[in-house]
Amino acid sequence: MTTMDEPAMPQQPVSGTWLWLYALAWLGFWLMVMLPGQVMLAMLAKSLDPDRKVELVSLFQGIMLVVIVLAVPLVGYLCDRTTLAWGRRRIWALGGFTLAAGAFLGVGSVEQVWLICVLLTLVSLGEACVLVALSAMIADQVPVPQRGRASAAFGVPQVVALAGGMVLVTEVITDVPTAWLVIGAIGFVVALPFLLAVREPAPLPGSGTVGTIWGNLAPPRPAVSHDYYWAMSTRVMINAGNLVGTTYLLYYVDDVLHRPSPETAVLTLTLVYLVFCVVATYFAGVVSDKLLRRKPLVMAGGVLQVAAALTLAASPTWPAAMVAAALLGVGYGAFLSVDQALTTDVLPNARTRARDLGLVNAAQHLPIAPLVGLTVLTVTDQSYRALYLASAVVMLVGVWSVTRIRGVK
């Protein structure tokens, strides 16, 4: 039962067009998030200084993660208080895309490390705005029986962006500056149809002063939800463990597997991952909506990713890497498709959706991965077996966190 202080959950189903355009907006976001973390920062660091590539890529990745962690909660709070008639979520998403893409275009064209760090900071600030705004739209507009499919619209573009983008930046566009320019431009353009064409519902009563960007700045009273914090822990640890392994994958393929063309080898692994991930993401989202059971699918997704990391640690061979790519695809696909729905289902307060989702999304960007990766590789004299064992342990903690959630099946 709802009260005047606790608005009802959305009941009107969203259309198929809404879901497709929403997926396109996420595609633009993921192009600018996934590709730097997976390959573009590694290629940039290698081109700047091959002898310091591990330190540089860890620095770049760490800066981006720290900025997002600090920015997302504040942006989420302000987004909840925004009441512009044009759309309180859309204005932040559009502004975020403009800032992120504008800075993204120039990253590959400069050689000074400090200037790259400044541009990456601006990219991350823009990404924080987009992440908060698009995530909150699920809670604002999508009813519970459709949230698995909306979560798939959030997850599938992540895989498509990674695979399609990898083809572009490793096979089609081999010049580093041009790659950053093209990806930034595409990321901005594909998001525009959703941001310009899809309207938002009216702001919740009492959110702030109509027509302002942040309304009443008095902080809302936080609601306590243990499930919310366990869902946050799940998101943080599984994403961190995944990123521990994937950030340094190019170097693993080059330095351990000794493939003749490391970039092409990473692309091959990514395409294998893509096939399994897209299928798993779609079917997991549909199944979770039909059964309204989220936890088993999230747990299964985490366990399969652990198995992928252990495979790379146990058998540093090309066939094993292919198997690991398939396991990672199924696992991450199932996780992506359902975890966003699970997190949305346990939000403690309807009036603070952007802030609460922002805290989760900020927490998942804690710089755990670069810290773990740099520490393990430094202490063990660049032992990638130790790196992937560490990745598995981190993700196991995330799987355990799912079992602590009580309010969602």
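Couple of notes before you dig in:
- The number of residues in region 245-304 being part of a loop (DSSP other than H, G, I, E, B), out of contact with any Pro (no Cβ under 8 Å at 6 or more places or on another chain) and under 29 Å from Val169 (Cα atoms) comes to 5.
- Residues of region 96-124 satisfying the condition of being crowded, with 17+ Cβ neighbours inside 10 Å and of a type in the set (Gly, Ala, Ser): Gly96, Ala100, Ala101, Ala103, Gly106, Gly108, Ser124
- Which numbered condition Thr83 misses (of (1) of a type in the set (Ser, Thr, Tyr); (2) touching a Leu at 6+ places or on another chain (Cβ under 6 Å); (3) over 29 Å from Pro370 (Cα atoms)): (2)
- Summed over region 308-335, residues that are in a helix (DSSP H, G or I) and either in contact with a strand residue (DSSP E or B) (Cβ under 7 Å, 6 or more places away or on another chain) or hydroxyl-bearing (Ser, Thr, Tyr) (or both) total 2.
- The selection criterion, being in contact with a helix residue (DSSP H, G or I) (Cβ under 6 Å, 6 or more places away or on another chain) and among the hydrophobic types (A, V, I, L, M, F, W, C), holds for Val244.
- Qualifying position, being buried (at least 22 other Cβ atoms within 10 Å of the Cβ) and of a type in the set (Gly, Ala, Ser), among Ala314, Ala308: Ala308
- Options Pro193, Pro143, Pro201; residue that is at pLDDT below 70 and farther than 30 Å from Pro262 by Cβ: Pro201
- Top-ranked residue in region 269-299 [being of a type in the set (Ser, Thr, Tyr) and either surrounded by fewer than 18 Cβ atoms within 10 Å (Cβ to Cβ) or within 19 Å of the chain's Cα centre (by Cα) (or both); ranked as modelled with the lowest pLDDT]: Tyr282
The values are calculated or read from the model by the stated rules, or taken from the named source; none is laboratory data. Every value quoted in this text rests on a predicted model; they were computed, and no experiment measured them. Virtual Cβ from ideal backbone geometry, glycine too; neighbours counted across all protein chains shown.
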